Amino acid sequence: MHHMTLAEIARGLADKKFSSVELTQTLLARIAQLDPQINSFISLTQDLALSQAKAADERRANGESGALLGAPIAHKDLFCTQGIRTSCGSKMLDNFKAPYDATVVAKLAAAGAVTLGKTNMDEFAMGSANESSWYGAVKNPWNLEHVPGGSSGGSAAAVAARLLPAATATDTGGSIRQPAAFTNLTGLKPTYGRVSRWGMIAYASSLDQGGPLARTAEDCAILLQGMAGFDPNDSTSIDEPVPDYSAGLSGSLQGLRIGVPKEYFSAGLDPRIAELIHNSIKELEKLGAVIKEISLPNMQHAIPAYYVIAPAEASSNLSRFDGVRFGYRCENPENLEDLYKRSRGEGFGSEVQRRIMVGAYALSAGYYDAYYLKAQKIRRLVKNDFMSAFNEVDIILGPTTPNPAWKLGAKSSDPVAAYLEDVYTITANLAGLPGLSMPAGFVDGLPVGVQLLAPYFQEGRLLNVAHQYQLNTDWHTRPPTGF
């Protein structure tokens, strides 16, 4: 059963081939057996999962149906789950049990999804390798010596290892798409505001967005359907109708205009990945798509702008973790200042401390205009580039990452090298656009992803293209050896 997709599980449950309880027990046993190799979970919620599975079976017996009713998933450990540890991968929140459910968690639970546990992640979602977690690094099922990508590496590794069919994740600068590329999955970052951020512990509020990680575009459509929608609790949530994503998967690609930015194919891109991207383009051309070269001239400025804006917002968001109200508190503080300093110094890891310091510096009185304000102006230029491009094309295609997954520890001493791996993904976050990564082949046995970007609220278009591509390729069907 562990090789089944969400869509196959939905059909199996509807046809009474197995129950949600049987499926849940099978996957919990598989997690207990295999997860020690990859460290993809921080917390398992066996009792909750079995009670939800039993309830789902009863709902089906009473005539209810639904693609997610009885389907097992897991949540990235920054989605608040009532009464369950929500750690954000940090010592700071190791003892924190959320008093409420995040909107995403509540919506999926209402749809009947079964929560198997909370997945490992880079501390406070800061990282591209899932090595900064207080609970240890996550390993890539495709090669246990390599990273799975971050910050949603736990969700990606768990789905790739067939421990469960799909998981929630978040994307601030590529944290859904990059791990998807590194682990041979399909991952979707929706339009900013499409999925509620209420109850999602913030890293950078103007960039964060929740989304699905799964093996297929069809499964991402199912999970996104359950996650998306307006939420009055979230001031950045947009009241836009949610289409039937699954119904839109069968559309023809005949005449679809695909833009390929010339800036994507620079010296920084591994030529073997470039070849796989060109192969993907040819496959889409066979399906009727029309390819056009375009330009995104301000892409070169995106990384420095992002790494000013994101840390600036993080320094503000993480100021609440002061050792007073909740979370980690140092022992025997001498006074209030000592409480603040030692609680934060002991509770936060080095990458989080680095970004807080960079952000506080960029927002300081003497440097706000020179750094933060200028970064926001660049952000507008990046958005304008996309708006111009989408006047000419329907989607934009390119690599998800410039290189395959690197070895564990290879970039630990050089954070800037890790930051540069986000060069193709962060622009979508700066502009608030939807983006999807789908499997496109392998380099040295490691998966490679192709990225698709679309205009605002055109997630359905991305899922349609990815689904049609996956009907004609088999990269996404291949499991890692041993899993």
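The values are calculated or read from the model by the stated rules, or taken from the named source; none is laboratory data. The structure presented is a predicted model; accordingly, all values stated were derived computationally and were not measured. Cβ: placed from backbone, ideal geometry, glycine included. Neighbour counts: every protein chain shown. Ligands, DNA and RNA are stripped out before the accessible areas are found, and what is left, the full protein with its side chains, is counted by its heavy atoms. Shrake-Rupley method; radii C 1.70, N 1.55, O 1.52, S 1.80 Å.
For region 152-222, with equal point scatterers placed on the C-alpha atoms only and solvent neglected, what are the log10 I(q)/I(0) values from the Debye formula at q = 0.17, 0.23 1/Å, to two decimals? Once normalised to I(0) and log-transformed, intensities are -0.53, -0.93. Rounded to the nearest percent, how much of the accessible area of region 125-168 (1.4 Å probe, protein heavy atoms only) is carbon and sulfur? Its accessible area is 52 percent carbon and sulfur atoms. Taking a quarter of the surface of the Cα convex hull of region 190-324 gives a mean projected area of 11.6 nm².
Each 10 Å bin from zero up to the one holding the largest Cα-Cα distance in region 301-407 carries the following percent of pairs: 13, 29, 27, 21, 8, 3, 0. Where both bridge residues fall in the chain, DSSP classifies roughly 70% of the beta bridges as antiparallel.
The three principal axes of the Cα atoms in region 1-132 give end-to-end lengths of 44, 32, 23 Å, sorted in falling order. If only the Cβ of Lys and Arg carry +1 and only the Cβ of Asp and Glu carry -1, the dipole of the chain around its Cα centre is close to 80 debye.
Stokes-Einstein diffusion for region 97-201, with the hydrodynamic radius set to the Kirkwood value over Cα pairs and evaluated at 10 °C in a medium of 1.306 mPa s, equals 114 µm²/s.
Computed from the Cα positions only, the extents of the chain along the three principal axes stand at 64, 53, 44 Å, in decreasing order. Couplings 3J(HN,Hα) for region 218-235, derived from phi with the Karplus relation 6.51 cos²θ - 1.76 cosθ + 1.60 (θ = phi - 60°), are 4, 5, 4, 4, 5, 5, 5, 4, x, 8, 7, x, 5, 9, x, 6, 10, 5 Hz, where x marks Gly and Pro.
Take peptides 243-250, 190-197, 208-215, 413-420 and line them up by average Cβ neighbours within 10 Å, highest first, as a rough protection proxy.
Put in order of decreasing packing, that is 208-215, 190-197, 243-250, 413-420.
Rolling a 1.4 Å probe over the protein heavy atoms of region 43-83, with every protein chain left in place, gives an accessible area that is 47 percent carbon and sulfur.
Oblate is the label for region 369-483, because a/c, from the alpha-carbon gyration tensor with a ≥ b ≥ c as root eigenvalues, is 1.5 or above and a/b does not exceed b/c. Straight Cα distances below 29 angstrom link LYS17 to the lysines LYS54, LYS107, LYS118, with same-chain residues fewer than 8 positions distant left out. Across region 121-215, C-alpha contacts under 8 Å between residues 6 or more apart give a mean separation that, scaled by the residue count, equals a relative contact order of 27 percent. According to the Cα-based calculation, Rg over Rh for region 189-239 is 0.97, with Rh computed by the Kirkwood formula. With the helix formula -39500 (n - 2.57) applied to DSSP H stretches of n ≥ 4, the chain reaches a computed 222 nm mean residue ellipticity of -11500 deg cm²/dmol. Residue ranges 60-70, 36-46 sort as 36-46, 60-70 when ordered by packing (mean number of other C-beta atoms within 10 Å per residue, highest first). Summary value for region 227-356: 19 percent relative contact order, contacts being C-alpha pairs under 8 angstrom separated by 6+ residues. The mean accessible area for residues of the chain, using a 1.4 Å probe and ignoring ligands and nucleic acids, is 36 Å² per residue. Here the relative contact order of region 293-435, from alpha carbon pairs under 8 Å that lie six or more residues apart, stands at 34 percent. If you look at the Cα atoms of region 356-434, you get an Rg and a Dmax of 15.9, 43 Å.
How far is the Cα center of region 394-434 from the Cα center of region 288-302, in Å? That distance is 16 Å.
Would you please state the base-10 log of I(q)/I(0) at q = 0.16, 0.17, 0.18, 0.19 1/Å for region 46-116, with intensities from the Debye formula using one equal scatterer on every alpha carbon? Debye output, listed in q order: -0.56, -0.62, -0.68, -0.74. For region 112-161, what percent of Cα pairs sit more than 14 Å apart? Distances greater than 14 Å cover 44 percent of the Cα pairs.
Rounded to the nearest whole angstrom, the semi-axes of the ellipsoid equivalent to region 315-357, taken from the Cα gyration tensor as √(5λ), stand at 17, 11, 9, largest first.
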